[in-house]
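Worksheet: the structure to be examined is printed underneath.
The values are calculated or read from the model by the stated rules, or taken from the named source; none is laboratory data. Since the model is a prediction, treat every value here as computed from it, not as a measurement. For neighbour counting, all protein chains shown are included, and Cβ atoms are generated from backbone atoms with ideal geometry for every residue, glycine included.
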Amino acid sequence: MTLLKREEWQHLVRDVDWTYSYVDDEAVYPEWLSGTGKVPRAAWRTWEEDYKVSYPEYVSTQREKETAAYAVKAALQRSNAFDELSEGWKSSTKMHYGGVALVEFEAVLGELKMARFGLNPAWRNMAAFGALDEIRHAQITMFFGHEFVGRDPQYDWTQKMFHTNDWVAISLRSLFDSMMVTNNVVDLAIQLPLTFETGFTNLQFVALSADALESGDVNFANMISSIQTDEARHAQQGGPTLEILVEHDPVRAQWVIDKAFWGSARAFAALTGPAMDYYTPVEHRKQSYREFMEEWIIDQFIRTIEDYGLRRPWFWDEFMKGLDTWHHALHMGLWFWRPTIWWRPTAAVTKADREWLQEKYPNWETVYGDKWDVIIDAVNAGNVEATLPETLPWLCSLCHLPCCNATLGRDGRWRVRDHSLTHNGVTYHFCTNGCRQIWWKDKDTLNSPTVIDRFLAGEIQPMDVGGILNYMGLTPDVMGDDPDYAWAAEYRDRVTTTPLQVAGGAQA
Amino acid sequence: MSESVTDAAAEPQLVPVNAIFHTDFVQILVPVTTADTIAEVAEKVAYHVEGRRVRKQDAPKVVFHGGRRLDPRLTVADAGIGPLDHVRVEYDV
């Protein structure tokens with residue numbers, strides 16, 4: 001029997017659709033899930049993607065990927081590779097496992113929603129493969145992380161983290177729920193596959209992979225590279241969706257893509273920024289976080305949106321300036337509030353580190369050096385207690401990250417400034433103008449109290465540090481600490497010097 | 001009964017504020033009370049930052065609220081600082 005060529009049959013199976021006679025279209029594709037909005041229903045007929053993969057091809061390719069990834073893992077299991085990794089790099093992986101594993105599972109739900117409510121059969125077909133991809137990503141991430149639980153209980157947060165009320169978990173749930181769970185599939189396709197997966201996952205899965213290899217973690221690099229090969233395919237759902245939306249409702253397209261970019265940028269500043277510029281040992285850093293962002297995200301993002309006839313987001317200047325500050329402040333926050341996280345953050349401010357940071361970020365010493373100097377002196381004086389928190393950092397009502405973004409004022413001073421608004425008699429605080437603006441426009445659909453809100457509402461008892469850590473799910477065997485305070489010793493001679501007077505934020 | 005109501009009304013009320021101290025890198029939650037003086041507010045905020053992340057300076061502290069520099073002798077209630085308000089504490093140099 002002669003088999004048909006793929007191109008002779010695939011459109012039949014991929015593009016099968018129905019004309020409903022017993023129910024109307026709205027019953028099958030309700031607006032709140034399918035989200036056609038101002039786009040005429042018929043316009044979705046032109047939705048097209050280039051991959052046109054068939055199920056047998058998909059299974060065959062995925063099987064090869066899985067075999068390769070697990071073969072490397074099995075080989076490395078017999079070596080002592082894990083023991084030779086630095087604590088800093090291990091922190092990067094713990095952060096990644098906990099921060100990513102169940103976001104991948106949430107992406108399964110997002111893909112399944114598109115597979116059911118997408119407005120074109122080819123789109124639904126691609127999303128079904130996307131769901132299978134994301135199941136693999138959730139499983140491989142949990143399986144690789146699980147291997148280390150016996151050696152270090154912090155790896156247990158690979159699975160646990162997303163289920164806790166840790167502030168990082170609340171921040172990530174808030175972001176990804178808005179990208180995958182609470183929105184319609186048109187917005188989802190633009191926020192997740194196009195903005196997040198086409199742009200930002202490149203940074204986490206390709207650029208961080210380079211740091212992993214440099215740090216000697218072949219296993220981790222192998223895992224995230226394997227995941228990334230799927231993204232290139234299912235991320236294709238975003239382009240055709242955006243193309244149709246831009247034609248009929250460019251204002252909505254711009255808004256959806258803008259806020260997804262902003263939310264992703266905030267999350268990556270918190271997780272990928274410290275991993276690249278601090279936790280990766282200085283001798284192994286390939287590029288700075290800023291350089292990675294410029295190379296992997298910014299150029300491509302701008303090219304993409306301009307190709308679709310969209311503009312740079314309104315927050316562009318604030319975002320670009322933030323590349324020099326956001327992740328440095330978040331790193332300091334993660335270190336200072338280290339009992340609230342499930343990894344051991346290295347301070348990574350040795351003299352060699354600082355030389356590197358100052359070269360990559362010319363304002364680093366001015367904005368952050370003085371604070372680290374005070375911390376260093378406390379550590380060297382044996383007063384580690386002074387470097388531990390006794391209250392909460394204020395958390396942004398949109399991104400749930402600490403309000404910690406210093407900006408340069410017209411008076412030449414670097415200061416963290418107030419970005420607040422009062423609505424219905426309640427004052428909300430934000431880390432940036434960008435977060436404040438997005439909250440204001442989306443306020444009717446947001447319902448995610450910050451840890452501060454929960455604390456002040458009396459949900460956290462007792463109302464002290466112990467009560468907060470317990471509420472977040474942190475146990476003594478897991479809560480973070482600096483892996484080795486000896487890094488501060490090289491500054492010991494400074495204790496005898498006169499303390500620097502810091503006026504106006506300038507380094508004396 | 002009226003006596004206990006009067007007593008309750010006279011009790012200082014908790015006022016959680018969003019505070020930033022001088023050049024510190026992050027805003028923090030600081031609980032103050034309606035009866036605290038502004039000078040006490042400055043010290044309560046400084047407690048979490050001075051010598052921890054910002055080097056202590058031999059200079060008086062000044063509190064700003066709503067764009068106004070507050071008299072250190074005022075109380076929180078007199079100054080009109082409410083729950084969730086933002087206050088900035090600076091060295092007066």
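Mind counting the residues in region A:435-471 that are part of a helix (DSSP H, G or I), under 30 Å from A:PHE315 (Cβ atoms) and not β-branched (Val, Ile, Thr)? Summing the residues that are part of a helix (DSSP H, G or I), under 30 Å from A:PHE315 (Cβ atoms) and not β-branched (Val, Ile, Thr) in region A:435-471 gives 13.
Can we say A:THR241 is among the hydroxyl-bearing types (Ser, Thr, Tyr) and more than 21 Å from A:ALA43 (Cβ to Cβ)? So A:THR241 does not fit the description; no. Scanning region A:456-463 turns up no residue that is crowded, with 17+ Cβ neighbours inside 10 Å and touching a residue at least 40 places away in the same chain (Cβ under 8 Å).
Pairs are defined by a Cβ separation below 6 Å, a sequence spacing of at least 6 or placement on different chains, a first member in region A:226-238 that is over 9 Å from A:LEU192 (Cβ atoms) and part of a helix (DSSP H, G or I), and a second member that is among the small types (Gly, Ala, Ser) and modelled with pLDDT of 85 or more; the pairs so defined are A:SER226/A:ALA69; A:HIS234/A:GLY130.
Applying the condition of being assigned to a loop (DSSP other than H, G, I, E, B) and β-branched (Val, Ile, Thr) to region A:137-170 and asking which residue is modelled with the highest pLDDT yields A:THR164.
The residues in region A:314-346 that are among the charged types (D, E, K, R), under 28 Å from A:THR164 (Cβ atoms) and within 14 Å of chain B (Cβ to nearest Cβ) can be counted, and the count is 1. Per this entry, A:LEU208 is counted among residues that are out of contact with any Cys (no Cβ under 9 Å at 6 or more places or on another chain) and in contact (Cβ under 8 Å) with a residue 60 or more places away in the chain. Against the list (1) assigned to a loop (DSSP other than H, G, I, E, B); (2) more than 11 Å from chain B (Cβ to nearest Cβ); (3) surrounded by 17 or more Cβ atoms within 10 Å (Cβ to Cβ), the condition A:GLY382 fails is (3). Is it the case, given these coordinates, that A:ASP133 is at pLDDT below 90 and either part of a helix (DSSP H, G or I) or touching a Pro at 6+ places or on another chain (Cβ under 9 Å) (or both)? Answer is no for this residue. A:GLY199 meets the conditions (1) of a type outside the set (Phe, Trp, Tyr); (2) within 13 Å of A:HIS96 (Cα to Cα); (3) buried (at least 20 other Cβ atoms within 10 Å of the Cβ) in every case but one. The failed one is (2).
Of the residues A:GLU87, A:GLU8, A:GLU48, A:GLU57, the single one that is surrounded by fewer than 10 Cβ atoms within 10 Å (Cβ to Cβ) and out of contact with any Gly (no Cβ under 9 Å at 6 or more places or on another chain) is A:GLU8.
Residues that are out of contact with any Leu (no Cβ under 7 Å at 6 or more places or on another chain), of a type in the set (S, T, N, Q) and farther than 22 Å from A:TRP326 by Cα within region A:423-447 comprise A:ASN424, A:THR445, A:ASN447, listed in sequence order. The sole residue among A:ASP353, A:ASP370 that is assigned to a helix (DSSP H, G or I) and more than 14 Å from chain B (Cβ to nearest Cβ) is A:ASP353. Mind counting the residues in region A:437-458 that are away from chain B (no Cβ under 14 Å) and more than 16 Å from A:LEU421 (Cα to Cα)? Qualifying residue count, region A:437-458: 3. Here B:THR37 clears all of (1) in contact with a Lys or Arg (Cβ under 9 Å, 6 or more places away or on another chain); (2) under 27 Å from A:MET463 (Cα atoms); (3) within 12 Å of another protein chain (Cβ to nearest Cβ); (4) of a type in the set (S, T, N, Q) except the condition numbered (3).
Residues that are outside any strand (DSSP E or B), surrounded by fewer than 17 Cβ atoms within 10 Å (Cβ to Cβ) and either within 26 Å of the chain's Cα centre (by Cα) or more than 10 Å from chain B (Cβ to nearest Cβ) (or both) within region A:389-412 comprise A:GLY409, A:ARG410, A:ASP411, A:GLY412, listed in sequence order.
Residue-wise test of (1) out of contact with any Cys (no Cβ under 7 Å at 6 or more places or on another chain); (2) under 26 Å from A:THR272 (Cβ atoms); (3) of a type outside the set (Gly, Ala, Ser); (4) assigned to a helix (DSSP H, G or I).
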site	(1), (2), (3), (4)
A:LEU33	yes, no, yes, yes
A:GLY37	yes, no, no, no
A:TRP44	yes, no, yes, yes
A:TYR58	yes, no, yes, yes
A:THR61	yes, no, yes, yes
A:GLU64	yes, no, yes, yes
A:ALA69	yes, yes, no, yes
A:ASP83	yes, yes, yes, yes
A:TRP89	yes, yes, yes, yes
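Where helices (runs of 4 or more DSSP H) fall entirely within region A:257-328, those with at least 3 residues that are surrounded by 20 or more Cβ atoms within 10 Å (Cβ to Cβ) are at A:289-293. In region B:42-65, of all residues being under 15 Å from the mean Cα position of the chain (by Cα), outside any strand (DSSP E or B) and within 19 Å of A:ALA386 (Cα to Cα), the one that is nearest to the other protein chains (Cβ to nearest Cβ) corresponds to B:HIS48. Scanning region B:66-85 for residues that are more than 9 Å from chain A (Cβ to nearest Cβ) and surrounded by fewer than 20 Cβ atoms within 10 Å (Cβ to Cβ) gives B:GLY66, B:GLY67, B:ARG68, B:ARG69, B:ASP71, B:PRO72, B:ARG73, B:LEU74, B:THR75, B:ALA77, B:ASP78, B:GLY80. Pairs linking a residue in region A:415-436 that is within 11 Å of chain B (Cβ to nearest Cβ) to a residue that is outside any helix (DSSP H, G or I) and among the acidic types (Asp, Glu), with Cβ atoms under 8 Å and 6 or more positions apart or on different chains, are A:VAL416/B:ASP24; A:THR427/B:ASP85; A:HIS429/A:ASP418. Of the residues B:HIS48, B:HIS22, the single one that is out of contact with any Cys (no Cβ under 6 Å at 6 or more places or on another chain), at pLDDT 95 or above and at positive phi is B:HIS22.
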